[in-house]
Every structure is written in C-alpha cells, then in structure tokens.
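Read through the structure below, which is laid out as structure tokens, and then see the notes.
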Amino acid sequence: MTEYIIKNGSVIDPTQGINAQKMDICIKDGKIVDSVSGNAKVIDAAGKTVMAGGVDIHSHVAGPKVDSGRLFRPEDKLFRSPMRKSNLRMEMGFSVPSVAKTGYDYARMGFSYVVEAAMPPLEASHVHEEIRDTPIIDESAMPVMANNWFLLEYFKNHEIENAGAYASWILNATRGFALKCVNPGGTEAWGWGLNCVTINDPVPYFDITPAEIVKGLIETNEYLQLPHSVHVHANNLGNPGNYTTTLDTLKLVEGYAPKSAFGRDQVMHHTHLQFHCYGGDSFKSSSFESKSKEVMDYVNKTKNLTIDTGNVTLDETTTMTADGPFEYHLTHLNHLKWTNVDVELETAAGVVPFVYDPKTYIAGAQWAIGLELALFAQDKERCFITTDHPNAGPFWRYPRVYKWLLSAKARNDVIENELKYGDKVVDTTYIGELSDKEISLYELAQMTRSGVAKALGVSHMYGSLKTGMAANVAIYDIDPENLPSDPEQYEKAFTNSFAFFKDGVLAVENNEVVNYRMPKKTVWVNSIVPENKQVERDIRDKFLKAYTVDLENYAVFDEHVHNPYAIKVDITQ
Amino acid sequence: MQETIKHVACPYCGACCDDLEITVEDGKIIEVKNACIIGTEIYHHASREGRVGSPRRRQPDGTYKDITYEEAIDFTAKMLIKAKKPLIYGFGSTNCEGMAAAGRVAEDAGAVLDNCASICHGSSFLAIFDTGYPSCTLGEVKNRADVVIYWGSNPQHAHPRHLSRYGVFPRGYFTGKGYKGRKVIVVDPRYTDTARCADHFLQVQQGHDYELFDAFRMVMHGYADKIPAIVAGVPKEKILEVCEIIKGGRYVHIFFGMGLCHSDGRNHNVDIAINLVRDINEYTKCTIMAMRGHYNIAGPGIVWAWQFGFPYCIDLTKGSHAHMNPGETSSVDLANRGEVDAFINIGTDAGAHFPIRAFEKLGSGIPMVTIDPSVNMAATVSDVHIPVAIVGVETGGICYRMDNVPIQYRAVVEPYNGILTDEELFDRIYERMQELKKEGWTTDEGVWDYATPLADVRPVKEVYE
C-alpha cells in the first residue's frame, strides 16, 4: 500500500492535547505510523489544518424512512442536484441525497464514520442494502427499541435480564450498534392514533410510562455493557413548552453510572436537543421562547449526559423520524404531504417536507436555539454538532453551522440581514447575550471528532490521530495561525476538504473526490449474554402469533451484511 | 435423498408469504406446502421439462440457436454502448441485488430505467408524490385493524393468501377474535370473490370511484346531509352506515388496487383515497396500502430511490443527472413515440403487457434482449434471450413485500444448467462495457457531452453550491 507523509500541517487532535501544532502525520498500510520511508508520497499541508476524520453520532442516511423521503419527493431533485463528475456516480437530491451523494459529501467534509440514527429491526436488511451501496464512509445503525412490545412487557415487570437478553438478540439479529429510544411509549400509542407527551403519560394497554421505559433502557444498556449509551429522543419533541419534559427525561440519569469497557462517561445521549428546548405555550412570537439555558445548565452540571445539537440550517428539508405522532402533528402545521409507516410490534415512522424559512419567526428562533446549545456547553467533549440530518437541515450544511459557531460575525450577520424577525428572535432567545462568543478550532475538533468517538465507545477506532489508529485524516484549507477574516472561508474549507484519507487511501485530493472504491466497514456490536430460555420462548411465541414474517427470516442473513466489523461485548465472562 | 427446506419465501405475488416448505430430491422439486396454487406452480415450473438452459440468438429464419454467455453478454454490452437511448424495463420478478446491478449498468450506458410500476401502480406514485403515503406494515393490520376496506382490488384471485395471512382472518395481538372481530368492506364494480367475504359490499359504478370517495370525505367533514340520494350507484344510507363503522373503528385500514389507479381518474382516485385517510385520522387511526402485484415490484422503486432519487421512469441519458417525468420518460410513451433505439426486457413480459402499437415499435425495428428464466412473448421476438436463475427457487436475495418490508429469499435448488443470476449477469455486462469502451467503442451517434451547470438561469435561488 502507498505510504504518505502529510508535511507541515497544523495538527489539531484533542485526544493527544495537540492544538495547532506544526507536525507531520505518516500513513502506512492504512494506519497512522511514526515514520515512513523516503518513497512516501508527500502531501504539502503547510498553512492547512489537519484533523482526524469526522464522526457523526446521529444522521438519517440509510433505511426505509430515509428512502421514503427520497421516493416521495421528486421535487427534492429538480434543479437541486449537482451535475455528475465524470469519475463518480450520479449525485441526486438536496435534503435527502442518494447514497452516492451521501458518501461523497461526507468524504468531501472529511468524515469517516456515520451512525444511522434509526433502524426498524424488522427492516434491518433494507438498511444494510443501502449501506452496501453507500461509498467511502464506515457506518453503523441503531435499532429502535423504546416502543418494542417485548421490552414494554419486560420493563413493566422490571425484568432487566430478560430485556438484556432480548436487546442482545436484536443487536445480533439486525447487526445493530446501540439501543435507540424514540418518543418512548408515544410511538406505540400512535398505533391507536394517540401520543405520550410527558414522561408520566401511560402507554395504552401496556400500562407503563415513558419514564419507566427510559430507565429500563438505561439499565438494560448498562447490563449489556455496550460501547454506546442509550440514545434518546425524548417525548414531546417540537412542541412549545416541551423543555420541562426534556428536563424530566434528562433527570432520569441520576443515580446511574456507566458500566462499559469502551471509555464513555455517559449513561444517556440525548439527541437533537434543539427540538426539545422550547418555552411558551404556542408558536406565536409573543409566547414561544428559548429555554436552552435552562436545559444546558442541567447538562453542564450532569457529567453522565451527552447531547447533540440538531442545528436548524434555514433550508427547505425533509423531516423524518420514528416519532410517528409528531409527523402527523407537523403535517397539520404546514399542510404538506405526509408519509407514515407503522412497523408491527416495534416502532413507526413519519416523513413530512418542511421549510425553515428565515422569513418566519419560528425558524429564526429554532436556528438561534441550536447555536445556543453549542455555545452554552461548557464541556465540548459532551456536546456534538449535528443537524439531525435531514430533520433540521441536510448534513452537508455542517460547515455552515461550523461557520456560525466559529464566527460571531457570521452569526450576527444572519440575525441582521437574513432573518426577517431578527430583533424578535434576539428578544426571545439567548442568542443576543452570546453575541460575541465563538468556539475555537480545537473545540470544533472535540465536538466533531474526539468527543463523539468517546461517547459512541469507538475512540479506539475513530476520532484520533494517535499512532496505530486507522488513517482517517482530513486536511482543510484553514491556517490556524492566520484565521480567515471572511467567515465564508470556514464554510468553503470544511465543505470541500483539501484532502481526505479513508483508511489510508486518498478519497479526496485537491478538493475533489478521486476514489470511492476503498474498503468500508459496517460496525456492529456482537453482544453475548447468558442463555435465557424464557426470552427464547417469548420470541418464538410473538413470531408465531403476532409477526407477519417467520422468525427464521427475521435476522439479517450473513450474505446481506456487507463488510461487517463486530465489536464483541461478552458479559458472561 | 429427500430434503425439506422450510421458511421459504414465495416468488409470486406482493404478499411474499415466507412460510413455504419445499421438498427437493436430487435437485428436483417434489412437493410444495403452504403456498397458494399459483405459488406452487412456480416451484414446479422450475423442475419441469423445457427450461431454457443457455442464452439463445435469433436466426434470420426466426429460429433460435444456443450461444454462450460470453457471446450474449458481448451482444448486450455492444448494444447498450452503441445505442443512443436504450430502454431497460421490467424487474417485477427479480431480486434487489439484480436491480442495483442494473442501475449501475443503466447509468453507465445512459439508458432509461423503468419498471412494471410504469404500467401498474405508477399512477399511485403520482398521488404519493402529491399527497404522501400514510401506511403501515401488514402486521399492524393483522394485530390492530378492526375495520378493513378492500377498494378496487380482488386479492382472492391476485393475492390468494392475503385475506388469511394479513387482512381478514388472522388472529393478532389485539384482534384475538380474528374475522369475527373485523368489519370487512369491499368496494368494487363487480361482485368479486373478495366481495363474498365482506360484511358490506358497495357496488360502485365503474369509473366513478372519485365521487364515492368525495361522498365519504363530505361525511367525515360533517356534510352528510348535503350528499345526494345515490352517489356512484351507492345509496346514501349505505354510505352513511359504512362511514359510521369507519368512525367507530379502533384501527381502519384501506387496501387499494388497480381498480383505482387504472380506471378513470387514475392518480386522482388514489390521491383522494389518501386524503380520505387523512380525514379519518381526525376520528380514529387509519392507514392505507397499495396492493402491489409482483413479489418484488416494490423493490425497484426502493432500490432506485436510494440510487437515483426516483422510483421509476428514470431517464439517465443526460449523463449528468437523473430525470423523471412519467408521460415523457415512461416506457410505453417512449415506445409509442419511437424514441428508444435498443430494448432490454428483464423479469417481465412487455410483449404481453404493453399496448400492441407500443410493443410493435420495440419488437420490430430495434435490437432487443430479453432476460428471463422462461420463454415469454417478448423472448419470442428478441434478438437474444438470456435465461437467468429464478429468484426464490434457484437464488436468494432481498425482495420487498407490498408494505415495503424486506423479505430475505432462499434458494432451494441449484440454478438449472448453471445459469447465471440477474446480479451476476448485469455485473458481467458492466465489465464487458468497460472493456469495449477501452477498445474505443462508442455510440453510433458519437459521444454525448455531459451537460454543464448554467448558474445564471437556475430558477431557485441558491440551489446548490
């Protein structure tokens, strides 16, 4: 394999405490090494920033609801797709890109590993088919668990060992990575057209509350000692006044400590927090307000929590979530088309197009709240930047979010010139009091690399430039010693990296994708638990009586999992 | 020695029953259990005399002569390269691996890629583009639904086990009484065998479904007193009675078939059906589902949506981007206008299904290849017929059920005479095309330039940086 030496770049690697230090990075056989021979190809990175490959903790990039979003929105392609480069596959779509565009755009941004945020277990083989066709990036997928009938029954009786045996079976059957919790109980209630909007609303028939489900999932997750913590999307997303539900949910972590050999400190990751930090009682500008400070005050002092932001990018996009009742609610708000898929015994999903129009007050306030979360976060190793792709905006807009965080000037420019109700937004949110706050490139690396990898429990594989790590290295056209005065340069540089190595292979060179055929991985967790006859019987029983597929056809066949890479977690030892 | 393979999924209809038990002996299928009569026949067909075991080339006198796979692949690759606007159509009866491989070939060839939805539920797609698709998996119907409506579909003939597995008879988690706990409503111009199972049969006047939907919507919106005495042949009292059943249901589900998407109104019928579902959700839970015909006709829509963003009628001839405009880029319309100059018929039979005037244009003047395990009508006029392994019998793969749930198929016997799978075949066609291009092969019309973006005339501000 070709050897490379990246010369004279300004390296930023929080895992080693390196902050814009001029040093060389050597690559050999797909790994970062201490030195290479004289034959190594030289990449001149003088005046450029060198970081580890990016890690995305929460992005909807593959699977049934993502594909529903592509299928039912031809308008998302019309005049909104770039022209094909002659050496690449066609790249179609704006808010929900085709798999080729997804892989290329992540590579252009210097990302090496992306976690698909919601995989319905019944449709796992669909997710793996899309992963097969997505070039360059390594991927994982999180099975959706918080409305699963098995778990609702086990949690009701507080049978954590049984829940663990079942969850472990699901991880292995779907080749999944972590336990995802979406609108606990509420999505099951949606099976009857209902919802749960506080953590104490009873789930119809199952006679359990969202609080019990979340606590049950935390206990199950720690019982299984999984790399990642439970990954929570709380009840009452998107509604004015929901920050109390959010705080109630976050407080459920009290009294729990992580039990995992993979280095994480949290027992709950709360995702796209922007959608959960609203005050007031209606969407009117006289009522709706930011409660990001109240929520972040709690997050900052609670060490066993991590969050990601879910930044609104002020684009037309496609919302999609396993929170079925929320999407029904949303289609009543904007009167656009609505797709829904309830998945038997497990979950649901909804898809609705949405326009975050800077001419509306609400979009401006949501934009501000997302940025406030990142700026309020004291420990940047526990707060990650996402757009909940594509819900608050497409992932390829990350560089624009980076720009707004790195440059107060860029942020204030939006308030003054782009938002129609900028003054009103300043009045009802905290963005005004943060008007001179900026994050550093080092903090950006924490929020997109080291911190994310640690929270996912994969810091031994991603997010670092230590010797021996897989050579996922991104080089950006930014000189930390001479930061650009024009904030647009940040967006430009992070959108199109100067170069990007994936596992030691050059994927991007001179700002262009040059190779997309390198090996990639599907990272999954092989969870091993003691034999559990009761759970085996329960599984057989439910498949006999309730599912419409045979048990033997449910688990993804080996031939349908492509380039699998298992992280083994054995709790029987 | 006899061996029984269980949990086999059936390659017949969109119900994708995955509980078949197939007994084989010495590579022959002996017995099929649990399948409907049509599914059973598909398995026995694989072991019957007269299978085509090798690609065949049509001779000037109309007879066929066996050729090798290399020759067939070479012919197909050259045909695709030389053509300016080849059409690759079909895919109702193959697995998603084959569809993904075909997508790569079509993109490289600058072809039009289309599937059988084009002449089937394509109009439903148009409605879904406009209105969305509030649906569910079939298990939700089984476990929750107490009101089930079949509108313009006759599953007793087209999806023989649909009523027993999903829609009417099964006992589910919240539906322990089975059919006794369900109200079944059938809307159809004919008194079909499905209608015989119904609690309420509404004999809609042929072609007037839209009016009946309109009456239902009026009731849901509180204008019951405004509807006339008879709507589309159905008395007002009957409409009100059924609407009361719907409003009183815990979970209502509508299955619709080609009676909606292929009678007068077409996509508008499906559009208003979906809007009715939205209305019913104001009262109780309601979902809707298209009765997709073939076992994997949902597949190409799904696979190509992730590859190109569109489910069908995908024009890749521009080279720079995919373009979908049913009516312009749909197979029958392209054929009618004589716009294609090469044709691949795969996993379907355009000869049997297309309007005769359209198929005449494809079958007579331009090079044509049929890829199908059997000799069908299209194969009888093709220049080359390439047999492939039967999915679900001789090869596995993923197929999407009518509710878009992926079902993993199994092979029960080895491919007859060592024939290739669709995926292998398309991958080899792709490789051969690369070799030929390196040798300098181009289209007869010369190489097309890629379109280049014109920044100034794009209609949407800031469309893409």
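What follows is calculated from the coordinates using simple rules that are stated; it is not laboratory data. What you are looking at is a predicted structure, and each value in this text was computed from that prediction instead of being measured. Ideal geometry is used to build each Cβ from the backbone, glycine not excepted, and the neighbour counts take in all protein chains shown.
By a straight-distance test (C-alpha under 17 Å), which aspartates and glutamates pair with A:Lys85 as possible cross-link partners, with residues fewer than eight away in the same chain excluded?
A:Asp105, A:Glu509, A:Glu512, B:Glu107, B:Asp108, B:Asp449, B:Glu465
Classify the stretch B:122-290: rounded, prolate or oblate, from the alpha-carbon gyration tensor (a ≥ b ≥ c, eigenvalue square roots; a/c under 1.5 rounded; otherwise prolate if a/b is larger than b/c)?
rounded
What is the antiparallel percent of DSSP beta bridges lying wholly in chain B, to the nearest 5?
Taking every DSSP beta bridge with both residues in chain B, the antiparallel ones total about 40 percent.
Rounded to the nearest 500 deg cm²/dmol, what is the calculated helix-only ellipticity per residue at 222 nm for chain A, with -39500 (n - 2.57) per DSSP H run of length n ≥ 4?
Computed mean residue ellipticity for chain A: -8500 deg cm²/dmol.
Figure the gain on full extension for A:Thr467 and A:Asn482 (residue separation times 0.36 nm, minus the Cα-Cα span) and round it to one decimal in nm.
So the extension gain works out to 2.6 nm.
Filter the GluC sites (Glu not before Pro) in the stretch A:218-326 down to the DSSP loop ones having no more than 10 other Cβ atoms within 10 Å, then list what survives.
Filter output for the stretch A:218-326: A:Glu254.
Based on the Cβ-Cβ distance of A:Gln489 and A:Ala173, what FRET efficiency does E = 1/(1 + (r/R0)^6) give at R0 = 56 Å, to the nearest 0.05?
Once the sixth-power term is evaluated, E becomes 0.75.
Classify the stretch A:279-379 as rounded, prolate or oblate from the Cα gyration tensor: take a ≥ b ≥ c as the square roots of its eigenvalues, call it rounded if a/c is under 1.5, otherwise prolate when a/b beats b/c and oblate if not.
It comes out oblate by the Cα gyration axes.
At most 14 other Cβ atoms within 10 Å and a DSSP loop assignment: could you name the trypsin sites (Lys or Arg not before Pro) in the stretch B:39-126 that fit?
Counting only loop positions with at most 14 other Cβ atoms within 10 Å, the trypsin sites (Lys or Arg not before Pro) in the stretch B:39-126 are B:Arg48.
Any idea what angle helix B:209-220 forms with the longest principal axis of chain B, computed on alpha-carbon atoms, 0 to 90 degrees, nearest 10?
Once rounded, one gets 40 degrees.
Name the residue farthest towards the positive end of the dipole of chain B from the options B:Gly92, B:Val234, B:Thr421, assuming +1 on Cβ of Lys and Arg, -1 on Cβ of Asp and Glu, about the Cα centre.
Looking along the dipole axis, the top candidate is B:Val234.
Which entries in B:Lys318/B:Lys438; A:Lys48/A:Lys454; A:Lys28/B:Lys437; A:Lys156/A:Lys251; A:Lys259/A:Lys466 show an alpha-carbon gap greater than 30 Å?
As for pairs spanning more than 30 Å Cα to Cα, those are A:Lys28/B:Lys437.
What does DSSP give for the protein assembly as shown in terms of the percent of beta bridges that are antiparallel, rounded to the nearest 5?
Among the beta bridges of the protein assembly as shown, antiparallel pairing accounts for roughly 45 percent.
Using the Cα gyration tensor of the stretch A:51-513, with a ≥ b ≥ c the square roots of its eigenvalues, what is the shape: rounded (a/c below 1.5), prolate (a/b larger than b/c) or oblate (neither)?
It is rounded, given that a/c, with a ≥ b ≥ c, falls under 1.5.
Against the longest alpha carbon principal axis of chain B, how many degrees, from 0 to 90 and to the nearest 10, is the axis of helix B:96-109 turned?
Relative to chain B, helix B:96-109 is tipped by roughly 50 degrees.
What aspartates and glutamates sit close enough to A:Lys420 to cross-link, taking a C-alpha to C-alpha distance under 13 Å and skipping anything fewer than 8 places away on the same chain?
A:Asp357
Less than 14 Å apart at the alpha-carbon level, and either on another chain or at least 8 residues along: which aspartates and glutamates does that give for A:Lys545?
Candidates past the 8-residue exclusion: A:Glu344, B:Asp19, B:Glu140.
Provide a whole-number value for the mean count of partner chain Cβ atoms within 10 Å of the Cβ atoms in peptide B:407-418.
For peptide B:407-418, the averaged partner shielding equals 2.
For the stretch B:2-46, what is the charge dipole size about the Cα centre, in debye to the nearest 20, if Lys and Arg each add +1 at the Cβ and Asp and Glu each add -1 at the Cβ?
Once rounded to the nearest 20, the dipole reads 100 debye.
Between B:Ala229 and A:Phe557, what FRET efficiency follows from the Cβ-Cβ distance if R0 is 41 Å, with the result rounded to 0.05?
Using R0 = 41 Å, I get an efficiency of 0.10.
May I ask for the angle, rounded to the nearest 10°, between helix B:298-308 and the longest principal axis of chain B, with both axes built from Cα atoms and the value confined to 0 to 90°?
60
Please go through the residue pairs B:Lys177/B:Lys285; A:Lys303/A:Lys409; A:Lys215/A:Lys284; A:Lys101/A:Lys568 and name each one whose alpha carbons sit more than 25 Å apart in this structure.
Distance filter (> 25 Å) returns A:Lys303/A:Lys409; A:Lys215/A:Lys284; A:Lys101/A:Lys568.
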